[in-house]
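Visitor: Starting off with a structure, shown below.
Derivation of every value follows stated rules applied to the coordinates shown; laboratory data play no part. A quick note: this is a predicted structure, and the numbers were derived from the prediction, not measured. Cβ: placed from backbone, ideal geometry, glycine included. Neighbour counts: every protein chain shown.
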Amino acid sequence: MRRVASRSQCAGFTLIEALLATLLMAIIMAALAQMTSQWLRSWDRGFTRIQSVDLLAVGLDRLVADVAAAEIIAGSATNMPMFDGTESAVMFVRTPVGPNTFTGLEVTRIEEASDNRGPALVRDTAPFTPVIRDLREVDFSNPVVLIRAPYRISFSYAGPDRMWRDTWRSAAQLPRAIRVSVRDSAASRTLAVSTSTVIRAELPARCASAKAVAECIHTRPASNARPDGRKASVGAGAEEFQQP
């Protein structure tokens, strides 16, 4: 009986041993929690970065396709193409695309706006009517966000002289090309994904009232003349401009 009692007194852990084991387990769990938290933050940042790059690529594709489809629609007051371009916004007339679209033409505006999530590049539209005198007075609707921060978009425009400008207003023809510069505001640098697109409609506004195509071709501006004195044909130089 004495031997059994002595063995029962020596069996198990002491209170100090239990406390040490609990403390060691707590240290291990805290280290694992910290490592997991850091890994999850890094994974979340990487996933967010990849998602934003994908959205940027989709937005750029939509933006380039839009501006390349600008059409020559002369205004009723000035007989100039209805096109208004600044460094932060561009407005033009094009044929609507997509499901549930109406027949005719639409006015498209792509500009930088701000909401509760910060600056964003927004595309909105409005039906085109012949009574429109100034695109800046059109009431746009159906806003769609194309690109969000930290990416910022700026536009520049070039005509037949191949010189880039920050604005394009009240011109006798559409710009030959539009350059889209993408800037990462977080890193303060211009990204290599910046691109330019050639507008497919290049005829001056007076061609809309010309009686024949030949008349329109032979009255192109002198800035389109070649060095040898011959006039350039309609659409010439567009492919050469794709790499300014």
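Visitor: Say each of Arg62 and Ser170 gets a label point 7 Å from the Cα, pointing the same way as Cα to Cβ; how far apart are those two points in nm?
Guide: Placing both labels 7 Å beyond Cα along the Cβ direction yields 3.4 nm.
Visitor: Using alpha-carbon positions, what is the distance between the centroids of segment 46-74 and segment 110-169, in Å?
Guide: 12
Visitor: Additional query: With Cβ to Cβ distances under 9 Å as the rule, what net charge do the other residues near Arg152 carry (K, R +1; D, E -1)?
Guide: Result for the local shell: -1.
Visitor: What list do you get for Arg136, Arg148 if you sort them by fewest beta carbons within 10 Å?
Guide: Arg136, Arg148
Visitor: Still on this model: At R0 = 35 Å, how high is the FRET efficiency between Asn142 and Met163 if r is their beta carbon distance? Nearest 0.05 is fine.
Guide: Calculated value: 0.50.
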